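Worksheet: one structure, shown below.
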Amino acid sequence: MCKETPYFYYLKLNKISEVSIHNNIISQLKTVKNSTEILNTKIAHYKDGAAFTKLILWLNEEIKTKELTEIQVYNKIDNIKKSIDTYKGNSFSSIVAVNKNAAFPHYDPLLSLPTNIDKNSILLIDCGGQYLEGTTDTTRTLTFKEPSNEFKRFFTLTLKGLIALSSIKFPLNTPGRNLDVLARQFLWNEGLDYNHGTGHGVGHYLSVHEEPIRFNQICNTSLVEGMIISIEPGFYQVNHFGIRIENLVVVQKVQNNDKFLELIPLTFYTY
């Protein structure tokens with residue numbers, strides 16, 4: 001029986017036979033994308049990167065002369081992406097969080113009072129799309145003027161973690177838990193951490209959170225060529241601000257070495 005089977009059925013089956021728990025074989029098969037799915041996912045990210053660029057250009061112009069609200073930015077994300085012919089909707093509800101709101105990793109602007117964004121703000125945007133070509137998920141943390149030294153320090157620690165995990169080559173049969181520390185190491189060295197996983201599997205025009213692969217401290221599932229997974233370290237200072245930077249990567253074999261794997265970026269947008 002797979003782990004996702006409802007408990008009701010477990011109780012029924014357990015009365016007539018010994019039940020053992022296994023990973024869902026269908027979920028495991030879905031996590032490994034073929035060459036066509038990977039190629040099209042790259043195309044989806046080209047389109048999504050262009051849309052994100054349009055959003056940031058619009059933000060930088062608007063913020064010069066007026067304040068915006070989180071909801072205005074939330075709606076603008078959707079309006080820009082709707083102009084793309086193969087866009088079919090969000091892959092999840094966009095997170096648009098300014099200043100102290102960004103200290104909540106799963107903040108929802110639709111469930112909160114309207115909050116203004118101005119040129120002094122720190123703004124976290126986490127958004128993704130479902131395109132016919134594939135699924136996207138990107139997070140960036142923005143400032144509109146020269147940031148403080150404090151912000152620069154924490155942003156740099158977070159970015160160094162993303163780069164370290166993105167750059168690693170690792171042997172076959174390496175589980176996600178063995179790599180999670182690479183993204184946290186620079187924060188750990190400062191006595192800091194974030195209270196969520198570093199990454200999750202991503203489907204192909206399916207769930208943006210796809211089991212069973214994860215980058216966290218408990219995932220025993222090994223990375224396999226063709227898996228698509230996020231890398232999203234963060235730093236959160238309650239009542240002040242939050243930082244998260246997220247890219248999607250695809251697992252592939254290292255050239256001329258069939259015993260090692262590496263992570264190839266799919267996300268196309270500057271930091």
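Name the residue from Thr115, Ser93, Leu11 whose Cα lies farthest towards the positive end of the charge dipole of segment 1-158, charges +1 on Cβ of Lys and Arg and -1 on Cβ of Asp and Glu.
Leu11
At q = 0.18 Å⁻¹, work out log10 I(q)/I(0) for segment 1-65 with the Debye formula, treating every Cα as an identical point scatterer and leaving solvent out; two decimals please.
Taken in order of the listed q values, log10 I(q)/I(0) reads -0.78.
Over the chain, what is the mean sequence separation of C-alpha contacts under 8 Å (at least six apart), divided by residue count, expressed as relative contact order in percent?
Values: 566 pairs, mean separation 57.5, N = 271.
Result for the chain is 21 percent.
So how strong a dipole does the chain carry about its Cα centre when Lys and Arg Cβ are +1 and Asp and Glu Cβ are -1, to the nearest 20 debye? Write down the numbers at each step before the final one.
Working: 28 positive and 27 negative charges, 28 e Å.
Charge dipole of the chain: 140 debye, to the nearest 20.
Would you be so kind as to identify which of Ser167, Gly242, Phe186 lies farthest towards the positive end of the dipole of the chain, taking Lys and Arg as +1 and Asp and Glu as -1 on Cβ and the Cα centre as origin?
Farthest towards the positive end: Ser167.
With point charges of +1 on the Cβ of Lys and Arg and -1 on the Cβ of Asp and Glu, referenced to the Cα centre of the chain, which listed residue (Val208, Gln72, Thr270) lies farthest in the positive direction of the dipole?
Farthest towards the positive pole: Thr270.
Can you give the convex hull volume of the alpha carbon atoms of segment 33-265 per residue, in Å³? Show your work: numbers first, answer last.
Numbers: hull volume 28.4 nm³, N = 233.
So the per-residue Cα hull volume is 122 Å³.
So what's the gap between the Cα centers of segment 192-271 and segment 85-145, to the nearest angstrom?
18 Å
Take the cross-link list Lys100/Lys253; Lys82/Lys169; Lys160/Lys259; Lys82/Lys145; Lys76/Lys100; Lys30/Lys88 and give me the ones stretching past 31 Å between alpha-carbons. Spell out each step's value before the answer.
Values: Lys100/Lys253 41 Å; Lys82/Lys169 37 Å; Lys160/Lys259 26 Å; Lys82/Lys145 29 Å; Lys76/Lys100 22 Å; Lys30/Lys88 21 Å.
Where the Cα-Cα span goes over 31 Å, the pairs concerned are Lys100/Lys253; Lys82/Lys169.
Output the peptides 210-220, 88-98 sorted from most to least packed, where packing is the average of other Cβ atoms within 10 Å over each peptide's residues. Write out the running numbers ahead of the final one.
Numbers: 210-220: 18.3, 88-98: 20.1.
In decreasing order of mean packing, 210-220, 88-98 become 88-98, 210-220.
To the nearest 20 debye, what is the magnitude of the charge dipole of segment 147-271 about its Cα centre, counting +1 on the Cβ of each Lys and Arg and -1 on the Cβ of each Asp and Glu?
Numbers: 10 positive and 11 negative charges, 50 e Å.
Charge dipole of segment 147-271: 240 debye, to the nearest 20.
Just so you know, all these numbers are worked out from the coordinates, no wet-lab data involved. Predicted model only: the values in this text are computed from it and were never measured. Cβ atoms come from the backbone with ideal geometry, glycine included; neighbour counts cover every protein chain shown.
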